[in-house]
Every structure is written in structure tokens, then in C-alpha cells.
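What follows is a short report on a single structure.
The values are calculated or read from the model by the stated rules, or taken from the named source; none is laboratory data. This structure is a prediction, so every number in the text was calculated from the model and none was measured. Every residue, glycine among them, receives a Cβ derived from its backbone with ideal geometry; neighbour counts consider all protein chains shown.
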Amino acid sequence: MILAATTNESLAKMSDLLIYSSMAVYTLAFFAHIAEWVLGSRSKVGRTAAALTQQASTPSVTVQVKQGGTTSVLDKPKIVTRSAAGTRDVPDGPGAAGGTVQGDLYGRIAVSLTVLAFAVEAAGVVSRALAVQRAPWGNMYEFSTTFSTVAVGTYLAFLLAKKNVRWIGLPLVTTVLLDLGLATTWLKTPSDQLVPALDSYWLWIHVSTAIFCGAVFYLAAVATALYLFRDSYENKLASGGTPSAFARSVLERLPSAASLDKFSYRVNAAVFPLWTFTIIAGAIWAGDAWGRYWGWDAKEVWSFITWVGYAAYLHARATAGWKGRKAAYIALIAFGCFLFNYYGVNIFVTSKHSYAGVE
Amino acid sequence: MSKTDTTETERSRDEAAGAQLSTAPQEETAIGGPVLGVVGWIRWFWRQLTSMRVALILLFLLSLGAVPGSLIPQTSADELKVQAFKEAHETLTPVYEKLQFFDVYSSVWFSAIYILLFVSLIGCIVPRTWQFVGQLRSRPPGAPRRLDRLPAYTTWRTEAEPEQVREAALAVLKGRRFRAHTAGDAIAAEKGYLREAGNLLFHVALIVILVAFAWGQLFKSEGGKLIVEGDGFSNTLTQYDDFKSGSQFGLDELEPFGFTLDSFHGTYETKGPQRGTPRTFEAAVRYSEGGGTEKKAVIRVNEPLKVGGSKVYLIAHGYAPVVTVKDGRGKTVFHGAVPLLPIDNNITSTGAIKVMDGYRDKNGKKDQLGFQAFFVPTFAGAGQGTMFSQFPALVSPAMALTAYYGSLGVDSGLPQNVYQLDKSNLKQFTDESGNKLAKRLAPGQSMTLPDGAGSITFEKDIKEWASFQISQQPGNGLALAGAIAAIAGLTGSLFIQRRRVWVRAVRGEDGVTVVEMAGLGRSESAKLPEELGDLAVTLAAQTPPSAPAPEPAEEPAEDPAPSEEADK
Ligand code: HEM
């Protein structure tokens with residue numbers, strides 16, 4: 001890392017401009033998503049209700065033999081899947097567009113705008129890195145901009161992999177705007193070099209994985225929160241109640257509770273080893289910088305709490321009586337700890353990790 | 001009656017097929033107490049402690065218990081802050097002290113939580129390991145009677161003989177690294193044992209990390225030393241400014257080495273809003289091990305010097321102006337660098353210069369001198385109204401001095417702060433007009449004490465000092481090994497699916513062979529049907545297909561695979 005490098009003013013200005021531009025595009029994406037939800041509302045609803053009330057009378061899934069006629073050309077055999085006993089067989093909702101052409105059009109526009117905003121924001125982060133000639137993770141402004149870039153990037157990667165995740169679009173874009181709003185006002189820090197303690201290749205390793213984990217944990221947390229709503233909705237339907245019009249319109253269009261739950265579990269479980277690695281990398285760095293790898297500093301404590309929180313979540317899912325909603329609450333608490341570690345500890349608690357750049 | 005019988009056996013067979021896909025302890029649903037005396041109670045307690053539910057609760061308590069330590073100042077981290085907190089909160093302090101809130105991480109209750117958790121962990125791992133070894137030594141369970149009830153299922157008809165199909169299936173499954181065997185009319189196969197192995201490895205690694213941490217705490221030593229440029233240090237107890245060690249540390253375990261600080265160099269941001277922010281700190285040293293040859297090294301903030309099992313960290317730095325004090329007869333009674341303590345980011349520093357012996361006033365009477373020093377590396381300029389430094393580097397240094405005489409109080413036996421003057425037995429010099437004597441000096445300038453009491457010179461040569469932490473902590477390597485094992489185990493545990501596949505081939509009523517395949521995993525996964533499909537294609541390609549079976553009478557469900565869609 002070149003320490004004597006002077007901040008490149010024009011690059012830094014360009015980075016700021018790019019970040020502001022990405023906010024403008026995200027705002028457009030936000031409105032496009034809103035249009036998708038509003039125009040998609042007059043859709044065929046009641047899929048869930050139909051599935052739940054029909055279920056009892058549906059015959060158990062029939063065996064299906066699949067073969068390409070009488071010729072010897074063999075198609076892929078048809079695999080019949082069944083849900084585990086005791087779970088509801090509910091189809092996923094049709095998505096925000098509600099199956100309407102117009103809603104779908106706006107949804108596609110929203111995704112395209114998100115792609116554009118992502119590209120602009122990523123360019124903003126990269127030019128910031130070039131301007132300061134180091135990893136762009138020296139203060140909270142830089143963490144926040146990278147954080148939302150990674151969250152949106154992961155979402156787009158899921159979309160690209162043809163996963164059913166467009167329902168995250170609206171909450172994600174909303175929070176990205178919030179995050180960037182905070183970053184560009186309250187957390188704004190002029191581009192600059194790092195204090196010596198941050199000048200280490202561990203910065204690249206430890207901070208990049210921490211930001212990545214946070215961004216992906218966030219996507220899982222959105223899914224978990226939506227799972228809780230959707231699950232109540234399905235419970236109400238299953239017990240013969242009538243959910244509110246809002247629930248019927250909005251929750252109906254989300255994936256089924258089981259799908260949301262599975263999504264958040266997969267994502268959390270996939271990120272957990274990386275989060276473990278992040279803490280260990282931090283400990284190794286602390287060992288080099290401060291002479292002890294673990295000293296119960298506030299930041300270390302809250303990383304540990306977050307880690308134990310997610311471990312508890314994974315355990316809960318393997319413990320009878322704790323699956324489902326209870327495990328979901330634990331996942332949300334664990335993510336809350338992550339957020340507190342980021343905002344709370346950086347700003348309100350004095351810690352050896354006080355690099356927030358916020359006075 | 002016979003109907004219930006078949007469903008009973010069916011169910012137990014189905015359960016057996018799915019059993020032992022993991023070694024997680026069985027949850028006991030009834031929470032009734034035991035009825036069997038003391039042994040029964042102990043058994044009951046042990047079963048509770050090693051259950052998943054209690055492990056979960058202990059994990060909760062552990063994270064909850066860690067919270068207060070991050071919000072309340074901790075003795076282990078910052079004693080001064082604890083002191084300040086105690087002074088500011090008179091009512092809370094006794095409560096906090098009772099609860100050991102100033103030493104959370106070594107408190108009785110926090111230790112109790114993690115010790116219970118680790119006892120539970122060991123109590124959980126040992127039986128699970130045995131169970132797992134048992135599973136590895138036995139064979140995958142036979143096929144349940146109704147394969148079509150399993151999460152993933154497929155079937156087709158073939159002209160091949162059932163035995164042929166089974167043989168082919170065995171070969172295909174073994175080729176895919178399944179553990180497979182023939183059980184009756186079906187092949188039973190299982191794969192993904194690494195999941196369980198990884199999980200056990202992870203939990204064992206947690207124990208290794210805890211042991212390494214505890215070992216490190218018991219045998220560590222840690223001391224601080226402030227060194228002025230040109231001075232040296234050798235690693236013996238008496239040389240330390242402060243020293244802490246674990247209860248099992250023996251002083252003879254201090255590594256025999258020494259080093260000299262040749263120079264300290266700091267650079268700072270010179271422009272922009274972050275002007276003055278430190279950029280680099282480098283301490284150039286020469287060190288030797290056990291009297292061996294000297295080697296050169298540079299210690300930086302993230303780059304400690306490693307000598308044997310010890311590490312030398314650069315912790316802080318400051319200035320040490322060189323001063324010369326002459327007594328009433330013109331004799332030099334003090335000459336040397338005086339380390340001063342920084343009080344702000346621009347290294348405005350304060351300290352004391354103490355002349356303890358050798359001083360005589362103009363009448364030849366013995367006395368002691370003390371100077372209060374206030375030093376700035378970058379002076380704002382005369383008339384700027386501030387004696388605070390404007391920049392951390394030596395741009396235009398200045399030092400303000402006030403002079404005292406009398407007893408420094410160093411003989412009182414009480415430990416003294418080297419950076420402060422104990423003024424209780426000191427008198428301040430006054431000038432001719434009776435004002436207290438104080439003067440701001442530029443390098444090279446002197447202050448003459450009144451009545452021929454001597455002089456003090458602020459030499460042009462200003463040194464820097466650096467303070468170092470020298471620590472020795474065993475167990476780091478073990479902790480690292482545990483950490484790596486933990487990640488490896490966790491990855492195996494979370495990314496590998498353990499699953500079973502059964503292939504049944506029987507002759508149908510019309511004499512054509514019917515092949516049925518089904519898969520079962522720990523959780524519903526999109527991969528399982530995919531893998532089953534893959535296997536089925538491979539197997540079907542080896543067993544010539546026959547005419548399709550008559551279409552089932554009932555319509556197939558419209559969307560039989562909701563979970564598959566959700567997985568995408
Ligand atoms: C030091 C505290 C502990 C931590 C941090 C911890 C962490 C974890 C994690 C992260 C997993 C997830 C891996 C997976 O889902 O496969 C897991 C699984 C598991 N843990 Fe622990 N654990 C701890 C203590 C315990 C204890 C005391 C028990 C015994 C009661 C236990 C039993 C299990 C079992 C059976 C699984 C496997 C669950 C499954 O197969 O899904 N753990 N643990």
C-alpha cells in the first residue's frame with residue numbers, strides 16, 4: 001500500500017458524484033417497484049387459500065412414469081417430490097407483479113434500473129478506492145457505500161442465477177436508499193489515507209469479508225421478516241380466518257412461508273462459516289496490531305455475540321420445538337446484533353476499533 | 001385389526017429408514033422429573049445438560065452475558081476508565097462490584113455459563129462420536145416398503161431382469177461414491193458422511209480453541225517499556241515499566257534478548273481536513289538474542305518484532321527533549337533526554353524534569369530542583385494565545401518551563417509519577433519583580449534561575465521515544481489450528497448433504513420389471529431430486545426401457561413440486 005500517495009481530488013469528486021447519481025437511479029427503481037406492486041394488485045389471488053383448503057381432498061401425489069413414447073429415446077425421468085410430513089404444501093405467490101403483464105413490465109423496469117444503479121454505485125466505490133489508493137474501507141461512509149453495493153450485487157447475482165428473489169427488490173432498494181442517505185449526510189468523511197493501525201493486508205481480508213457477510217445476512221434477514229408475516233398469513237388461512245385486505249394483496253404475492261424460511265436458512269448457513277472466518281481473521285490482525293488476539297474489546301464482543309446468535313439459530317433449527325418462528329426470531333436478533341456492532345459500537349461505544357470517522 | 005398392524009410396521013420401517021441421518025441427541029418430550037433416587041437425578045440432570053434445548057439456552061446466556069462487558073468499562077482493558085466510572089456512579093458501583101461487572105469475562109457467572117456449555121458440549125460430542133462410528137461400521141438401512149412416500153421418487157419399467165437392474169444400480173451408486181449394498185429386493189445407499197464428521201470436527205475444534213485460550217491466559221506475560229532513541233532494553237523483570245503475567249508464568253521463562261532503539265520516525269498528513277493524522281510509525285532497532293550477534297529490524301504498528309516466542313509491539317510514541325541543568329557553581333548536574341507524555345493528537349506534551357542529587361546552590365548548599373515542562377512540537381507562534389501544538393511533527397518546537405526548588409519527595413518511599421512534580425515540599429522560583437518564574441524556550445535557548453541558582457538549557461537535539469509491549473503467549477498456534485479446523489468442519493457440516501437412495505426392482509404383475517427409486521435427505525433440498533434424476537437417467541440408460549405402464553387413473557397433481565420451485 002502506498003502511504004505517501006496523495007488523495008486524488010478529482011477522482012474523489014467523481015466518486016461522490018457517482019454515489020449521488022446511483023441514489024437518483026435507485027430512487028427511480030424504487031418508484032418502478034412501487035408501480036409493480038400497485039399495478040400487480042388486481043391479480044388472481046387466493047392461490048394460497050385454495051391450496052390450503054383443497055389440501056385435505058387432494059389425493060396423495062401420483063406416481064408418474066415418464067418415457068418418450070414407445071421409442072427407446074429416454075427423457076429425464078420425472079421426479080416426484082413430496083414435502084416432509086407436517087409441512088403445508090403451499091405454492092409460492094406469483095410475485096409482486098401478481099401475474100399481470102403491466103405489473104411485470106414495471107418489475108422488469110425496476111430490475112433494469114437496479115442494475116444500472118448498481119453499476120454506477122460500484123463505479124463510485126471503485127473510484128473512491130482509486131482516489132485514496134487503498135481499500136475503500138477506512139471509515140463508516142466507505143463501509144456503508146460498499147455494504148449496499150455488495151447487498152445489491154448479491155441480489156442481482158441471485159436473479160442472474162434464476163433464483164426466485166424478485167420479491168426482495170422493493171425492501172432492498174428502500175433500505176439501500178436509507179443506507180446511502182445516512183452515508184452521504186451523517187457519515188460523510190472526506191477521502192483520505194488510513195491511520196497506521198489500519199494499514200495492513202488484513203484490512204483487505206477481514207473488512208471485505210465482514211462487509212460481505214453483513215450484506216448477505218441482510219438479505220436473509222429480509223426473507224426472515226417476510227417469512228414471519230407470510231407464516232401468520234398462512235396460519236390464519238389454514239385456521240379458516242380471513243386475513244386483512246392488505247395481507248391478501250401483499251402477502252399473497254410473496255413466496256410461501258416454507259420457501260422464504262428455506263431461503264433465509266440457506267443464506268444464513270452459507271454465510272456463517274465466512275463470518276466465523278471473519279472473526280478469526282480479525283483476531284489474527286489484532287494479534288499483530290495490539291499484541292493479543294482476543295481482548296474482549298467492544299467490537300470483538302459484539303462480533304462474538306453475533307456469531308453465537310447465528311450458532312443458536314442453526315441449533316434452533318435442529319432442536320425440536322424451536323424450528324420455524326422461534327428460530328426466525330433468533331435469526332432476527334442475531335442480525336440486530338450485527339447492526340448494533342456496526343452502528344452502535346462504532347458510534348456510541350469507545351473501542352479500539354473507533355475508526356468510524358464520525359465525531 | 002390387521003390394518004392397524006400393517007400401518008404400524010410400515011411406520012416403524014419408514015422411521016428406521018430415516019433414522020440416524022444425524023447423530024443429534026433425541027429430544028425428550030416429557031419433562032417429568034426422575035423417580036429413581038440420587039443416581040436417577042444425576043442421570044436426569046446429565047441428560048438435560050447434554051440436550052440440544054439446554055445447549056441452546058446456554059448459547060443464549062453466553063451471548064447475553066457478554067453484553068455488559070462491552071458497555072461497562074473493564075478492569076482488564078482500562079483501569080483508569082473503571083476508576084473514573086466508579087467516581088461518577090456512586091450508587092451503581094457497589095451493585096456492579098457485587099455482580100463483577102467490572103470483570104465480566106473472568107467473573108464467576110460468566111465462567112459458569114461457558115464451563116457448563118463446554119461440559120454440555122463434551123457430553124454431547126462423545127456419545128455422538130460413538131454413534132457415528134457405529135453408523136460408519138454398519139450399513140445403510142434397508143428400503144422402506146413404500147418408496148413413493150419419500151421426498152423424491154421416480155419409477156419406470158424395463159425389460160431387464162430385476163437382478164440385472166439391482167446389479168447395475170449397485171455399480172452406478174458405488175461409482176458415485178455412495179456406500180451401497182443389496183438388502184432384499186432393493187439397493188440401499190448412503191452418502192455425505194462428511195457432514196457428520198465435519199460437525200463433530202467443528203465442535204471438537206471449539207474445545208481446542210477454548211483450551212488454547214485458557215492455556216495462553218495462564219502462561220502469558222506482558223510488559224511495557226518506554227525507550228528513548230539511543231537507549232536499550234534487556235528482557236528482565238527489573239527493566240519493565242509495568243509487567244503482568246498469568247498465574248502459571250515463571251519469571252525464568254522470560255526470553256533472553258535485548259534491543260536498542262536506534263531511531264523512531266513518524267509521518268503525518270500535511271494537508272487537507274485530516275491534517276495531522278498519523279500515517280506511518282517506524283521504530284528502527286538493533287536486537288540480539290541470548291548475547292548473539294546484533295540484527296537490525298524495523299518495528300511498525302502492525303508488524304511486531306518476533307524474537308523466539310516473544311513479540312515486541314510498537315504501542316505509543318512521544319518526544320523527549322534533551323535538557324542540560326547547571327548548578328550555582330556552573331557545574332552540569334543533569335544532562336539527558338526527558339520523555340514527556342502526549343496529551344493530545346498533535347502531541348502537546350507535559351512532564352517533569354527532576355534533578356535529585358549533585359545540585360548545589362551558589363552557596364554550595366545541597367538542594368533539589370524540579371521543572372514542570374510543557375512541550376509542543378509545532379508552536380503556533382508568539383502572541384497566538386495558545387501553547388497547544390498545531391501539528392504532531394517537529395516543525396517549530398517550543399517548551400515552556402516553570403522551575404521549583406526544595407524537596408522532590410522522592411525519598412518518601414511512596415511510588416512517584418515520573419511525569420509529575422510532587423509540589424508539596426517545593427517552592428517556585430520567582431524573578432526580580434517577585435513574579436513566578438516561567439519561560440518559553442526555543443531549542444538552544446536557556447533559562448537562567450534567579451540569584452545565581454543555575455540554569456537550564458533546552459538543547460537543539462530533540463529525541464523521540466517509543467513505548468513497546470513485549471508479550472509472550474503460548475497456545476497461539478494451537479488456537480489457530482483449532483480455528484482452521486473449526487472453519488473446515490463447519491464448511492463440511494453446512495454444505496454437505498447427507499442423503500440416502502434406494503433402488504427397488506421387482507417383477508410387476510404383467511411380468512415386466514418395475515424399477516422404483518427414492519431419495520431421502522436430512523432436510524428438503526432441491527439437490528436431492530436433481531441427484532435422483534441424474535442417477536435415474538444413468539441407470540435407465542443401462543436397463544433397456546419397456547412400454548410405459550398404463551396411465552394412472554387419477555390426474556397427477558397440477559404442481560407436484562412446489563418446493564423445487566422455491567429452491568430456485
Ligand atoms: C460452544 C457452543 C456451541 C457452538 C458455538 C455450536 C455451534 C454449532 C453450529 C454453528 C452448528 C451448525 C452446523 C449444522 O447445522 O450442521 C451446530 C450444530 C450442532 N450442534 Fe452445536 N454448538 C455448540 C454446542 C453444542 C452442544 C453443547 C451440543 C450438544 C447438545 C451441540 C450439538 C449440535 C448438534 C447435534 C448439531 C447438528 C445439528 C444438525 O445436524 O443440524 N452443539 N453447532
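Would segment A:285-302 turn up any residue that is under 23 Å from A:Leu226 (Cβ atoms), within 16 Å of the ligand (Cβ to nearest atom) and crowded, with 23+ Cβ neighbours inside 10 Å?
No, that holds for no residue.
Counting only residues that are more than 8 Å from chain A (Cβ to nearest Cβ) and free of Cβ contacts under 8 Å to residues at least 60 places away in the same chain, which one in segment B:485-522 is nearest to the ligand (Cβ to nearest atom)?
Per the criteria, the residue is B:Glu509.
Name the residues in segment B:206-252 that are over 17 Å from the mean Cα position of the chain (by Cα), part of a loop (DSSP other than H, G, I, E, B) and at pLDDT below 90, would you?
B:Asn235, B:Thr236, B:Tyr240, B:Asp241, B:Gly246, B:Ser247, B:Gln248, B:Phe249, B:Gly250, listed by residue number.
Please state which of the following conditions B:Ala197 fails to meet, knowing it meets all the rest: (1) away from chain A (no Cβ under 14 Å); (2) of a type outside the set (S, T, N, Q); (3) within 19 Å of B:Gly533 (Cα to Cα).
With respect to (1) away from chain A (no Cβ under 14 Å); (2) of a type outside the set (S, T, N, Q); (3) within 19 Å of B:Gly533 (Cα to Cα), B:Ala197 is out only on (3).
Output the number of the condition that A:Phe277 fails; it satisfies all remaining conditions of (1) in a helix (DSSP H, G or I); (2) more than 7 Å from every other protein chain (Cβ to nearest Cβ).
(2)
Please list, ordered by first then second residue, the pairs with beta carbon atoms under 7 Å, 6 or more apart or interchain, first in segment B:48-62 and more than 7 Å from chain A (Cβ to nearest Cβ) and more than 15 Å from B:Ile125 (Cα to Cα), second among the small types (Gly, Ala, Ser) and within 7 Å of the ligand (Cβ to nearest atom).
B:Leu58/B:Ser120
Step by step: first the residues of segment B:122-158, then only those that are within 13 Å of chain A (Cβ to nearest Cβ) and assigned to a helix (DSSP H, G or I), then the one that is nearest to the ligand (Cβ to nearest atom). Which residue is that?
So the residue we want is B:Cys124.
Need pairs with beta-carbon distance below 7 Å; first residue farther than 24 Å from B:Met52 by Cα and within segment B:97-121, second within 16 Å of the ligand (Cβ to nearest atom); sequence gap 6+ or separate chains.
Cβ pairs passing all conditions: B:Val104/B:Phe110.
What tally of residues in segment A:305-333 results from selecting those that are hydrophobic (A, V, I, L, M, F, W, C), at the interface with another protein chain (Cβ under 7 Å from one of its Cβ atoms) and either near the ligand (Cβ under 10 Å from one of its atoms) or over 18 Å from A:Ala210 (Cα atoms) (or both)?
From segment A:305-333, those hydrophobic (A, V, I, L, M, F, W, C) are A:305, A:307-308, A:311-312, A:314, A:316, A:318, A:320, A:322, A:327-328, A:330-333; that's our starting set.
Next cut, at the interface with another protein chain (Cβ under 7 Å from one of its Cβ atoms) only: A:305, A:308, A:311-312, A:316, A:318, A:320, A:322.
Cutting the leftovers down to either near the ligand (Cβ under 10 Å from one of its atoms) or over 18 Å from A:Ala210 (Cα atoms) (or both) gives us A:308, A:311-312, A:316, A:318, A:320, A:322.
The qualifying residues number 7.
Need the failing condition index for A:Ser208 against (1) surrounded by fewer than 20 Cβ atoms within 10 Å (Cβ to Cβ); (2) touching a helix residue (DSSP H, G or I) at 6+ places or on another chain (Cβ under 6 Å); (3) assigned to a helix (DSSP H, G or I), just the number.
Tallying (1) surrounded by fewer than 20 Cβ atoms within 10 Å (Cβ to Cβ); (2) touching a helix residue (DSSP H, G or I) at 6+ places or on another chain (Cβ under 6 Å); (3) assigned to a helix (DSSP H, G or I), A:Ser208 fails exactly one: (2).
Residues checked against (1) touching a helix residue (DSSP H, G or I) at 6+ places or on another chain (Cβ under 7 Å); (2) in a strand (DSSP E or B); (3) buried (at least 18 other Cβ atoms within 10 Å of the Cβ):
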position: B:Val325; (1), (2), (3): no, yes, yes
position: B:Gly336; (1), (2), (3): no, yes, no
position: B:Asp344; (1), (2), (3): no, no, no
position: B:Gly351; (1), (2), (3): no, yes, yes
position: B:Gly358; (1), (2), (3): no, no, no
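Inside segment B:471-483, can you point out the residues that are facing chain A (nearest Cβ under 9 Å) and within 16 Å of the ligand (Cβ to nearest atom)? Spell out how you get there, then give the answer.
Restricting attention to segment B:471-483, the residues satisfying the condition of being facing chain A (nearest Cβ under 9 Å) are B:471, B:473, B:476, B:479-480, B:483.
Hits for segment B:471-483 are B:Ala479, B:Ala483.
Among the candidates B:Val307, B:Val312, B:Val298, single out the residue that is loosely packed, with under 15 Cβ neighbours inside 10 Å and within 14 Å of chain A (Cβ to nearest Cβ). Walk me through how you get there before you give the answer.
Working: B:Val307 fails: loosely packed, with under 15 Cβ neighbours inside 10 Å; B:Val312 fails: loosely packed, with under 15 Cβ neighbours inside 10 Å.
It is B:Val298.
Given the condition surrounded by 17 or more Cβ atoms within 10 Å (Cβ to Cβ), within 16 Å of the ligand (Cβ to nearest atom) and in the same structural domain as B:Phe45 (by the TED database), answer yes or no: does some residue in segment B:88-104 qualify?
No, the conditions are met nowhere in segment B:88-104.
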